[in-house]
Each structure stands twice: as C-alpha cells, then as structure tokens.
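Chemist: Pasting a structure below so you can have a look.
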Amino acid sequence: MFEALQDGLSGAFKTLRGQGKLSESNMRDGLKLVERSLLEADVSFPVVRDFMKRITDESVGEAVLKSLNPSQQVVGVVYQALIDFMGPVDHSLHLKGKNELTVLMMCGLQGSGKTTTSGKLGRLLKAAGRSPLMVACDLQRPAAIDQLHIIGEQLDVPVFSDRTQKDPVAVTKAAQAHAKKIGADVLILDTAGRLHVDEALMEELKRVDRQAMPDQVLLVIDSMTGQDAVNSAKAFNDALELDGVILTKLDGDARGGAALSVKHVTGVPIKFIGVGEHLDALEEFHPDRMAGRILG
Ligand code: GDP
C-alpha cells in the first residue's frame, strides 16, 4: 500500500538528511521533492498546494533550520500535516436503539466496491449484535441483485429484493416495511451505480434519499482511481450531503492520492477503508496510522 508515495517521501527526507545543517535553500529543494512525490501519487492539485504551503510555513524558519536535527523535524511536520489533512474522523455509524430502524444508504459508481462494502458493513453490524437487512436497490444490473443475495447467504444476513420492481423508491419503501416485519434494526441500501456521475443517477439517488431519510449516507470510492475518485466524491456530496466516505481497494493502491485528498476537497471524512476482497477486509480509517504507513 502506498509504496510509490512512501518511496518518494523517503527519498526527499534522505536528501534533506544528507545535508546535515540546512540552509533555507536546501530546505526548499527538499520540500520540492516532497511536492513531486505528492503529485506523482495523484494527490489533487489544490491539496498539494495547501499541503505544501502548510509544511513550508512550518519548515522554512529559524526554529527548524537552527534546530539540532532539522531533517527529523521536517518529518514530524509532514507527519502532523498528513494527519490533519486526512482527519479528524468520526467512525460512528450513529446507530439508533435496537427498537428503531437505522438506515445506511450506500452509494458510489459501478465497480467502486459498493455491494461488497454493503456486505462488509452487514458483517460488522451482525458481529456487533445488530440485525441488519441488506436491500438491493440497484435495479440497473440484475447481476447486482444476485451478488447481494450471494453475500447475504455467505454472512447469514437477510437480503430484501424485488425483481419485478423497476423503481428503487418502491423497493426502499417495501424494504422499510419488511424490516419492521422481521425485526431488523439496520437497513443497508445498496443503491445503483453508473460508470460515471450523471444527472439520472443523482436524481434517482435523491429520490431514494427522500424516501429512506437515511441516518448515514456513505459513499464508496475506489482508491485506485485517484483524483477521479475525489472528483466523484465532490459530485456525490453536492447532490446528497454525505456523512462519510469508504475508500476501497487500498490493498492495491500504490499511490495514495485519494486517501490524502478526499477530506480536504470535500470536507467529508473517510470512515472506513476496504483492504481486500474478503468480507472481513474492512477497517476503520485512522489518519495517524495512515500517516505512519505513508512515512514508512
Ligand atoms: P459495485 O459495482 O460498486 O457494487 O462493486 P463490487 O462490490 O461488485 O466490487 C467490484 C470489485 O471490487 C469486486 O471484484 C470486489 O471483490 C472488488 N473489491 C471491493 N472492495 C475491495 C477491496 O477493498 N479490495 C480489493 N482488492 N477488491 C475489492
């Protein structure tokens, strides 16, 4: 994970260390290498700009330059900036009491990992003593309904679907009634995705949102798609007011640009990360641990 960013940053720090005492111009040259690593990691441009301003302001000054170990100080400055840019995070799903229905609305582009992540959350909730009901609201692809049923069977978590229905709002309404009937306390809505953000998708999601009145709207994005993931997060947030992002496929992401950019660009925190295809491969997102991983 994040090998490219790790290598780039450690190269920059190594250059700084090699200088011993640092002049302002040595420091600026070292920071240029940090900037290059961020750009190569596909970090969004405004994030690179703001990040560089922050670390330059904190590094190019007497306090750091005249310190005993300036290069080590810069590592600390970068570490703290990474944490601040990726956080803070409220991991809570804000579940209501067990006698009320909490609704989690999952959205995201096709292939982002939305259905898999719905299953991962279902597993987590079941393990926490909850009674989740997963709902197949993706009526674009019949295969999506089958996929959710397969996941439900694997986890022994019930799935609601209606293959005769063309309207996800009607499915949502029926699922709310079904949840009451079977005593489910968390509804996980697996909504439709598209290959790209488009008006029809956003309209559909807004209609589902109005019917479901979700307690949490969670956007699933694929970290491997870098800045595109961040741009789609911005579009989804404009339409739906997201509560959190779940960043998937981090296990295969060598660059890390999306992880670093999403919070700063959208204001929405990453709550969880997907780190594998298996249904137990979901972790809470901790900016400090992530910053530690990035710095190696
Ligand atoms: P959807 O179209 O958004 O519902 O996406 P899917 O849930 O069908 O996932 C698309 C592909 O990504 C599947 O092959 C999943 O197994 C895979 N996938 C989802 N999350 C992760 C993850 O965190 N890591 C890895 N490596 N693969 C993932």
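Where a number appears in this text, it was derived from the coordinates with a stated rule and is not lab data. Because the structure is predicted, anything quoted here is derived from the model rather than measured. Here the Cβ positions follow ideal geometry from the backbone for every residue, glycine too, while neighbour counts run over all protein chains shown.
Chemist: Using only Cα atoms, what Kirkwood radius does the stretch 120-190 have, in angstroms?
Modeler: Evaluated over the stretch 120-190, this radius sits at 12.0 Å.
Chemist: Moving on. Please list, in order along the stretch 281-295, the HN-Hα scalar couplings obtained from phi with the Karplus expression 6.51 cos²θ - 1.76 cosθ + 1.60 (θ = phi - 60°), rounded to whole Hz, x for Gly and Pro.
Modeler: Ordered by residue, 3J(HN,Hα) equals 8, 9, 10, 5, 8, 10, x, 5, 5, 5, 4, x, 5, 5, 8 Hz.
Chemist: Moving on to the next point. May I ask you to list the trypsin sites (Lys or Arg not before Pro) in the stretch 126-205 that are in a DSSP loop and have at most 13 other Cβ atoms within 10 Å of their Cβ? Could the numbers behind the result be given before it?
Modeler: Values: sites: K126, R130, R163, K166, K173, K180, K181, R194; in loops: R130, R163, K166, R194.
Loop-located and lightly packed - R163, K166.
Chemist: What's the Cα-based Rg to Rh of the stretch 47-119, Rh via Kirkwood?
Modeler: 1.27
Chemist: List the residues whose amide H sits under 5 Å from the amide H of V186, counting only those 5 or more places along or on another chain, with H placed 1.01 Å from N in the peptide plane.
Modeler: Sorted by chain and number, the residues that satisfy this are T102, S131, L133.
Chemist: Another question about this same structure. Return the Rg/Rh ratio of the stretch 235-296 with Cα-based radii and a Kirkwood Rh. Before the final figure, lay out the partial values.
Modeler: Numbers: Rg = 12.0 Å, Rh = 12.4 Å.
Using only Cα positions, Rg/Rh for the stretch 235-296 is 0.97.
Chemist: Starting from 0 in steps of 5 Å, tell me what percent of the Cα-Cα pairs of the stretch 141-253 lands in each bin.
Modeler: Histogramming the stretch 141-253 at 5 Å steps yields 2, 10, 19, 22, 22, 15, 8, 2, 0 percent.
Chemist: I've got another one for you. Determine the relative contact order of the stretch 44-122: mean sequence separation of Cα pairs under 8 Å and six or more apart, normalised by residue count, in whole percent. Provide the component values of the computation, followed by the final result.
Modeler: Values: 22 pairs, mean separation 15.0, N = 79.
Once divided by the residue count of the stretch 44-122, the mean separation gives 19 percent.
Chemist: Still on this structure, please answer the following. Within the set of other residues whose C-beta is less than 10 Å from the C-beta of P70, count the net charge using Lys and Arg as +1 and Asp and Glu as -1. Before the final figure, lay out the partial values.
Modeler: Working: positive: R17, K21, K66; negative: none.
Net of charged neighbours comes to +3.
Chemist: Work out, step by step, the length gained on full extension between L95 and D198: first 0.36 nm times the residue separation, then minus their alpha carbon distance; give nm to one decimal.
Modeler: Working: separation 103, 0.36 × 103 = 37.08 nm, distance 3.06 nm.
Difference between extended and current length: 34.0 nm.
Chemist: Quick query: amide H of D222 versus all other amide H atoms, modeled in the peptide plane; which residues come in under 5 Å with a sequence gap of 5 or more or a different chain?
Modeler: Placed amide hydrogens put T248 under 5 Å from D222.
Chemist: Moving on to the next point. In a Debye calculation with equal point scatterers on the alpha-carbon sites of the stretch 61-163 and no solvent, what is log10 I(q)/I(0) at q = 0.20, 0.24 Å⁻¹?
Modeler: -1.04, -1.28
Chemist: Please give the Cα centre distance for the stretch 126-188 versus the stretch 191-259, rounded to the nearest Å.
Modeler: Value for the Cα centre distance between the two parts: 20 Å.
Chemist: Then there's this: Please give the helix 114-127 orientation as an angle from the longest Cα principal axis of the chain, in degrees from 0 to 90, rounded to the nearest 10.
Modeler: Compared with the principal axis, the helix lies near 80 degrees.
Chemist: What is the helix-to-structure angle for 70-86, meaning the angle in degrees between its Cα long axis and the longest Cα principal axis of the chain, kept from 0 to 90 and rounded to the nearest 10?
Modeler: 20
Chemist: Helix-only estimate, please: 222 nm mean residue ellipticity of the chain, summing -39500 (n - 2.57) across DSSP H runs of length 4 or more and dividing by its residues, to the nearest 500.
Modeler: Details: 12 runs with 160 residues, N = 296.
About -17000 deg cm²/dmol.
Chemist: Pull up the DSSP beta bridges for the chain and report the antiparallel fraction as a percent, rounded to 5. Let's see the in-between values first.
Modeler: Numbers: 3 of 28 bridges.
Bridges in the chain are about 10 percent antiparallel.
Chemist: May I pose another question? Quick check on packing: order 73-84, 264-275 by the mean number of other C-beta atoms within 10 Å, highest mean leading. Don't jump to the answer; show the numbers that get you there.
Modeler: Values: 73-84: 18.4, 264-275: 20.2.
Final packing ranking: 264-275, 73-84.
Chemist: What relative contact order, as a whole-number percentage, does the stretch 163-296 give when Cα pairs under 8 Å and 6 or more residues apart are counted?
Modeler: Working: 161 pairs, mean separation 23.7, N = 134.
Relative contact order comes out at 18 percent.
Chemist: Under a point spin-label approximation (7 Å from Cα along Cα-to-Cβ), what is the K181-K126 distance to one decimal in nm?
Modeler: 2.1
Chemist: Moving on to the next point. Cα convex hull of the chain: mean projected area in nm², to one decimal? Could you put the intermediate results ahead of the total?
Modeler: Values: hull surface 60.8 nm².
Approximately 15.2 nm², given one-decimal rounding.
Chemist: Could you derive backbone 3J(HN,Hα) for the stretch 36-45 from the dihedral phi with the Karplus parameters 6.51, -1.76 and 1.60 (θ = phi - 60°), listing whole Hz in sequence and x where the residue is Gly or Pro?
Modeler: After applying 6.51 cos²θ - 1.76 cosθ + 1.60, I find 4, 4, 5, 5, 5, 7, 6, 6, 4, 4 Hz.
Chemist: Let me check I have the definition right: for the stretch 1-105, take the eigenvalues of the Cα gyration tensor, multiply each by 5, take square roots. What are those semi-axes in whole Å, largest first? Can you show the working numbers first?
Modeler: Values: eigenvalues 268, 47, 28 Å².
Each semi-axis is the square root of five times an eigenvalue, giving 37, 15, 12 Å.
Chemist: How would R123, R28, R54 line up from fewest to most surrounding beta-carbon atoms within 10 angstrom?
Modeler: Working: R123 20, R28 13, R54 16.
Lowest count first: R28, R54, R123.
Chemist: Here's a follow-up. Rounding to the nearest 10 and keeping the result within 0 to 90°, find how far the Cα-based axis of helix 142-155 lies from the longest principal axis of the chain.
Modeler: So the inclination is approximately 80 degrees.
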